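Everything on this sheet refers to the single structure shown next.
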Amino acid sequence: MTDSYLPYVQGREIEWLELNLLKSNMPLSKSTVMSLANDVDENDVDSWFSELIDRGYDLELCIYEQRGNTIYPLYRWDSIPEYFLCLYFCYFGASKDKIGTKLFERISSIALKNYIGGEIKTFGFPSDTNLNRFLDEVAPLCFEQRGILAHPDYKDDGVDVLCYKNFGDSRSGNMYVLLQCAAGINWTSKSPINLTRWVRYIYWPQSNLLTSIATTEYIQKSSWVKRVDDYGLLLDRCRVTNWYSKMIDNDLRNEVIDWCNDKKI
């Protein structure tokens, strides 16, 4: 029986619970969890169940419910594959998974687009593009003046996606968001986007230019303000899921399902 569950990983208890619930589409009782996890007691499992339900309040979709000593999944993983992909990376990490990290980037960019109500320009998509060519293409889209050339050492200078919302009158001074995507567990080691350089590459009004980060992590309330101070507009996996779901890209969803199936977890 235990062979059908993912191995317990300390520090990733909630992701472990969620992955097992969604992949099996079967309930998990407190006694089953205690038999799977080493050196945990009833109080530990109670706190995990409580945190799982509490985190659910940050999702517009109710994915789980607790009845007595048992958690029940309300969805299969393939009905919310984007959320499942985030859980996978939080549990297993994203090292060297270029396909999956690119999928997360595309999911996050659509979530941000749905939130802002603007347009997106993805660095290096559909083909690899160097930073200066990307900036050459972006400046006229935003009706802003191109500035200095980026140093060749900066591959993308910390930015994966530009989201912009023009007023529709072909004038400058619109709304711009620079997004970096961090699928890996150690996302807090990423350097914040350096706006000092970016406002020289293109002469965006700095007051109109926001920084943002998308992460597969669930960001705890205790560290939320610090992460906002570090990175700007935060899209953790709950915000990514909520806003991506406003307008789902069906082709992308199918690619995510295929990617998840290939993992055979």
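Can you pull out the residues in segment 88-122 that are buried (at least 18 other Cβ atoms within 10 Å of the Cβ) and under 16 Å from Asp258 (Cα atoms)? Residues satisfying the conditions are Tyr88, Phe89, Asp97, Gly100, Thr101, Lys102, Leu103, Phe104, Arg106, Ile107.
Going residue by residue through segment 20-31, is there one that turns out to be more than 14 Å from Pro73 (Cβ to Cβ) and over 23 Å from the mean Cα position of the chain (by Cα)? Talk me through it step by step, then tell me what you get.
Going through segment 20-31, the residues more than 14 Å from Pro73 (Cβ to Cβ) turn out to be 30-31.
Keeping just the survivors that are over 23 Å from the mean Cα position of the chain (by Cα) gives 30-31.
Within segment 20-31, one or more residues are more than 14 Å from Pro73 (Cβ to Cβ) and over 23 Å from the mean Cα position of the chain (by Cα).
Restricting attention to segment 133-181, the residues that are surrounded by fewer than 19 Cβ atoms within 10 Å (Cβ to Cβ), in contact with a Ser or Thr (Cβ under 6 Å, 6 or more places away or on another chain) and acidic (Asp, Glu) total 0. Condition check: in the same structural domain as Val161 (by TED's automatic domain parsing), at pLDDT 95 or above, in a helix (DSSP H, G or I) and of a type outside the set (Phe, Trp, Tyr). Does Lys226 satisfy that? Yes: the conditions hold for Lys226.
Looking only at residues that are more than 13 Å from the chain's Cα centre (by Cα) and more than 17 Å from Glu13 (Cα to Cα) in segment 70-87, which one is surrounded by the most Cβ atoms within 10 Å (Cβ to Cβ)? If we take residues in segment 70-87 being more than 13 Å from the chain's Cα centre (by Cα) and more than 17 Å from Glu13 (Cα to Cα), then Trp77 is surrounded by the most Cβ atoms within 10 Å (Cβ to Cβ).
The values are calculated or read from the model by the stated rules, or taken from the named source; none is laboratory data. In this text, all values refer to a predicted model and were calculated from it rather than measured experimentally. Quick reminder, even Gly has a Cβ in these numbers, built from the backbone with ideal geometry, and neighbours come from all protein chains shown.
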